[in-house]
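Note sheet for the following structure.
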Amino acid sequence: MQKLNNVYHEKWYRNLFRWFMKITGWFPSWILFKPKYYYENRKIQKRWIKDNAIIASNHRTTLDPFLLMFVFTTRYLHCIVGEFIYENIPFVGTILDLFGSIKVERFTANPDYLNVCNNILSSGGIIQIYPESHLPKPNQTELSPFKSSVILMSIQTRSPIIPIYHCGNYGLFKREKIVIGVPMHLYENCQQINPTVEKLKKFTKILEDKINQLKLMVSHDR
């Protein structure tokens, strides 16, 4: 199966803005997050990503995209963001657009965002997605059920999924723990560009179980 032929070209001012924010925000982000990294297998997957990939992470707070932006400093992450944040928080939509984020309308059947994501991945880029698709409820500790769009993107573009778990423990006197898993090549077990619903559900559950396994790595570290 061949990748899509569409080529994604990023606008120059977004690249300029992104690097400006990374350079000027590195020290404040270190104070806010103070990250401690764990690896499922450091020899296979470190923080440096060379090719196209989908970063799939659990979702804790609205600061999560900024955390991962500094975790993977050398790459441009296009984060999928719900329309609510774009449309209901003043000026945030403009900032997200400058960061190269992709708006998704969660409560409609509009698939346009998938085409944008597939073009980015097929051009060697990176998509950042939260398969839970929403923030947790107060005092919720378990992951919410995952949506299958991440699997569909991976299959259609032959892109590996890098699973991530983080605690969302942000603050001046706190420390954030981040687990980086080895890439998952689930698409190798599917030759159809439009897999069945059953297969999508099966692969989605495999990804969800993997991120829960990563969660246990930091749960056992006291």
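Here are the numbers:
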| quantity | calculated |
| --- | --- |
| Filter result (in contact (Cβ under 8 Å) with a residue 40 or more places away in the chain, surrounded by 14 or more Cβ atoms within 10 Å (Cβ to Cβ) and either over 13 Å from the mean Cα position of the chain (by Cα) or in a loop (DSSP other than H, G, I, E, B) (or both)) within region 153-177 | Ile155, Gln156, Thr157, Arg158, Ser159, Pro160, Cys167, Gly168, Tyr170, Glu176, Lys177 |
| Region 42-60 residues that are open to solvent by 70 Å² or more (accessible area, probe 1.4 Å), paired with ones that are aliphatic (A, V, I, L, M) and modelled with pLDDT of 90 or more (beta carbon under 6 Å, 6 or more apart) | Ile44/Val182 |
| So Val150, is it modelled with pLDDT under 90, surrounded by 21 or more Cβ atoms within 10 Å (Cβ to Cβ) and not acidic (Asp, Glu) | no |
| Residue satisfying all of: in region 117-131; open to solvent by 10 Å² or more (accessible area, probe 1.4 Å) and in a helix (DSSP H, G or I); nearest to Ser154 (Cα to Cα) among these | Ser122 |
| Filter pass, Tyr187 being closer than 24 Å to Trp30 by Cα, touching a Ser or Thr at 6+ places or on another chain (Cβ under 9 Å) and open to solvent by 20 Å² or more (accessible area, probe 1.4 Å) | no |
| Members of region 132-152 found to be of a type in the set (Val, Ile, Thr) and outside any helix (DSSP H, G or I), listed by number | Thr141 |
| The listed residue being more than 28 Å from Glu10 (Cα to Cα) and surrounded by 19 or more Cβ atoms within 10 Å (Cβ to Cβ), out of Thr196, Thr204 | Thr204 |
| Set Glu188, Glu176, Glu208: member being acidic (Asp, Glu) and touching a helix residue (DSSP H, G or I) at 6+ places or on another chain (Cβ under 8 Å) | Glu176 |
| Residues of region 137-152 satisfying the condition of being out of contact with any Ser or Thr (no Cβ under 7 Å at 6 or more places or on another chain) and either at negative phi or among the hydroxyl-bearing types (Ser, Thr, Tyr) (or both) | Lys137, Pro138, Gln140, Thr141, Glu142, Leu143, Ser144, Pro145, Ser149, Val150, Leu152 |
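The values are calculated or read from the model by the stated rules, or taken from the named source; none is laboratory data. Predicted model, so just to flag it, every value in this text is computed and none were measured. We place every Cβ from the backbone using ideal geometry, glycine too, and count neighbours over all the protein chains shown. Please note that ligands, DNA and RNA were not included when accessible areas were found on the heavy atoms of the full protein model with its side chains. Shrake-Rupley method; radii C 1.70, N 1.55, O 1.52, S 1.80 Å.
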